[in-house]
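Worksheet: one structure, shown below.
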Amino acid sequence: MHTQTTSPMTDTVTATQPNDSLTTPAPNSLPPITILDGGMGRELERRGAPFRQPEWSALSLSLAPDSVRDVHVDYIKAGATVITVNSYAVTPYHLGDSFFSEGEHLIRTAAQLAFEAVQESEKPVDNQQASEKQNSSVSVQIAGCLPPLFGSYRPDLFDSKQAPTIARPLLSAQIDYVDMWLVETQSSIVEAQTWHQLITEFTVTQKEAIFKNAIASQKETISKPIWISFTLDDSQLDIDDDDSDSSAEPNHAVSAPMLRSGESVAEAVQEMMALNVDAVLFNCSQPEVMNAALQTAKDLIDKAVHPMQLGVYANAFVSEQVHKQANAQLRDMREDTTPEHYLMWAELWQASGANIIGGCCGIGVEHIERLAQHLTDR
């Protein structure tokens, strides 16, 4: 059981560590971990890079691209083995009509910056590093970011008819640089299904073009793993400002974990298994709601003997009442989600079956370094 309290004087959320009654498996029974990077937007803000709403992390792509590359490089140095292209905010929701004139260029720039960061991280600077690189079997991969097309936390705005127009440049501008597709922060099942369909159709079209031009050597690089990540309803963690006795027990509230659309996690996972996606993840929600979703998914996957991987990357947002307005203003960060505390949650997620773990908004380089140090050698 996890508990959450607030101070009536500060309204600062303080989450306890996972319940001591949980049994941690022996180290050799834990799944090997793929370490994702952390959030891009808040890391740029923390470093003083151009950052504001509504452009979010897309602003630095045009005004300070080197800062984006630097964040990628630092996540790799921290131990991330998958970095995510900074294309999350390159949608009309963030950029308005300029998306249709500048979007594809910005997306390609974002993909190139991720590629350059990986290339830079692989250059040995001395003989010792060269030896370490030679002895290391871990190479950094790039996840092509496929964001919510009509705004985070807004399943009500989803428009399947308009989706292909927005999705096309996100796919075409990243295809040559990425190792997998990461469909992020999906609030409803239909959003995820639509992205899967668009990726599949795009892949078929690309393959047809390659075969037409007889470039047989490229055909295998077109099909890429598909990871689908859902954002969860964490509104049960909200606490009224005038509630001076605010003790909540997230576990009983999320016994039947849901997406932000109100659909069940169980249904979402079953639909993703039917599509044979390579991984299902949960992201951009508070740490307290992740484990119930993860356990639900793990039970279904085990019963179906399905090879799908599981992942988690939570955010550090302070809980608030109106989740529909997630993009309306910059949200405050929790003070308790330190690297040490976030590691406690990550250890719980690993024990529950997650083999892909990273961070979302507000989870930075220091958090990822702590995860890499403690989760990958267990």
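Scaled against 2.2 N^0.38 Å for its residue count N, the alpha carbon radius of gyration of region 65-121 is 1.21. Computed extension gain for residue 98 through residue 373, at 0.36 nm per residue and net of the alpha carbon distance, reaches 94.8 nm. Each Lys or Arg adds one and each Asp or Glu takes one away; over the other residues whose Cβ falls under 13 Å from the Cβ of residue 99, this sums to -3.
For residue 122 and residue 204, what does the FRET efficiency come to when R0 = 41 Å and r is the distance between their Cβ atoms, rounded to the nearest 0.05?
0.80
Protein heavy-atom surface of region 259-307, 1.4 angstrom probe: 47% of the accessible area is carbon and sulfur, with nucleic acids and ligands not counted.
As a length-normalised measure over Cα pairs under 8 Å and 6 or more apart, the relative contact order of region 27-110 settles at 32 percent.
With the contact rule set at Cα under 8 Å and sequence spacing of 6 or more, what percent relative contact order holds for region 276-322? Once divided by the residue count of region 276-322, the mean separation gives 56 percent.
The distance between label points at residue 62 and residue 47 comes to 2.1 nm (points 7 Å beyond Cα on the Cα→Cβ vector).
The values are calculated or read from the model by the stated rules, or taken from the named source; none is laboratory data. Just so it is clear, the structure is predicted and the values come from calculations on it, not from any experiment. For neighbour counting, all protein chains shown are included, and Cβ atoms are generated from backbone atoms with ideal geometry for every residue, glycine included. Just the protein is used for accessible areas: all its heavy atoms, side chains included, with ligands, DNA and RNA removed. Shrake-Rupley method; radii C 1.70, N 1.55, O 1.52, S 1.80 Å.
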